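Below is one structure, written out as structure tokens, with a few remarks after it.
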Amino acid sequence: MADEIRLAFAHPSERAIATAGDEPRDRISLRDHVVEAEIGAFQAERGTTQRLQFNVVVEVIPLTGTIEDDVDRILSYDRVTEAIAHELAAERLNLLETLAERIAERILLEPQAARAFVRIEKLDRGPGALGVEIVRSRRDFGEHLKAMAGEVAQERPHPRVVYISNAAMMDPRLGDWIDTLSAKREPVIFCVGRPDLPAPQTGHKMTQRRIDLLSIEQNGWMLAARDFRCKVVATRTELDWAMKNGQICVWAPSKIVLDATQGPKAQPRDSVALAAWFAGEMEACELVVIGEPLPEGAEVLMRSVAPGADLFAG
């Protein structure tokens, strides 16, 4: 009995270990994450915020093979904090139990997640912490999890992908264009081509492709140096985080192109067509091409803008 009481008040990670069974599980955890929110059924809790503390443990299915230090292969901690933020923003709730259930369900949408322990405590309702803790697995939500996965897919941001030519990159109005793009609701991801310098030639298709992709990434760093609001990003995980947090990105293409199961038909030297493929992969609202002609056959909404023209004329 004493051990049961100790486990009841221990961190959820201890409960996860104690109830794990024989099947191995890896775990990620969020400890003592404090957020202010309006929640509660009592009249005294309406119209005011209070501190909520979250402790979350997610059991994840172990990876097969090596991780290869690849952030796109693991369940990111950001998915946990994003689940909390999303459910707090969705609507005002009366019960911590409802909030915990919704957070657990959103976390379990991630394919790596097998079981979620969610503890939420109110820190301002008395001399101690008042809270609830739940444990949920994927099977607890059944078919509803599949339906919710479709709803979450519709919530994904649809960025504006902007291809910028080398001449436009050096234009003194670059900062003004970024101001204009930043003022729009859609996230912004810049794409660039190879620099106006001779690239090494290998005479071998596969190695030349890698060199050409790397040359695009070098040019991306040149754009980031022109305006420090632009951050060079290579992984889908970081792109997702950036879009949700208002960060302007410059796409470094090597990883996403080389990891794609159905990669682009365009070669890196045809960088506008490569940007159009990327815009399709990101389900972009549009591809804006500054200073270059539009590619043919792209399956994404596109428009070309001359460097001196208004980006959003009409």
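Computed over the chain, the quotient of the alpha carbon radius of gyration and 2.2 N^0.38 Å is 1.21. Size descriptors for the range 176-300, from the alpha-carbon set: Rg then Dmax equal 14.2, 45 Å.
Available extension along the chain between M206 and E91 is 36.3 nm, counting 0.36 nm per residue and deducting the alpha carbon span. A simple spin-label model places the labels of R173 and Y77 4.3 nm from each other, with each point 7 Å out along Cα-to-Cβ. The Cα trace of the range 236-292 gives Rg and Dmax of 11.7, 31 Å, the first to one decimal, the second as a whole number. For GluC sites (Glu not before Pro), the sites in the range 211-297 that DSSP calls loop and that have at most 11 other Cβ atoms within 10 Å are E296.
Could you tell me what percent of the DSSP beta bridges with both partners in the chain are antiparallel, to the nearest 5?
55 percent
Taking R139, R229, R79 as the candidate residues, the one with maximal mean-square fluctuation in a Gaussian network model of the chain, Cα springs under 10 Å, is R139. Length available on full extension from D310 to W221: 0.36 nm per residue minus the Cα-Cα distance, which gives 29.5 nm. Taking other residues whose beta carbon is less than 12 angstrom from the beta carbon of A199, and scoring Lys, Arg as +1 and Asp, Glu as -1, yields +2. Across the range 233-272, the residues whose backbone nitrogen lies under 13 Å from the label position 7 Å along the beta-carbon direction of E299 are 262-265. Its Cα centre serving as origin, the chain has a Cβ charge dipole (Lys and Arg +1, Asp and Glu -1) of approximately 280 debye.
Between L123 and D270, the contour length at 0.36 nm per residue exceeds the alpha carbon distance by 47.3 nm. Of the peptides 199-206, 35-42, 96-103, the order by per-residue mean of other Cβ atoms within 10 Å, starting with the highest, comes out as 96-103, 35-42, 199-206.
Spin-label model, D196/R156: points 7 Å from Cα along the beta carbon direction are separated by 3.7 nm. Residue exposure proxy: Y163, Y77, ordered by other Cβ atoms within 10 angstrom of their Cβ from fewest to most, comes out as Y77, Y163.
No value in this document is a laboratory result; all are computed from the given coordinates. A quick note: this is a predicted structure, and the numbers were derived from the prediction, not measured. Please note: Cβ atoms are built from the backbone with ideal geometry, for glycine as well, and neighbour counts cover all protein chains shown.
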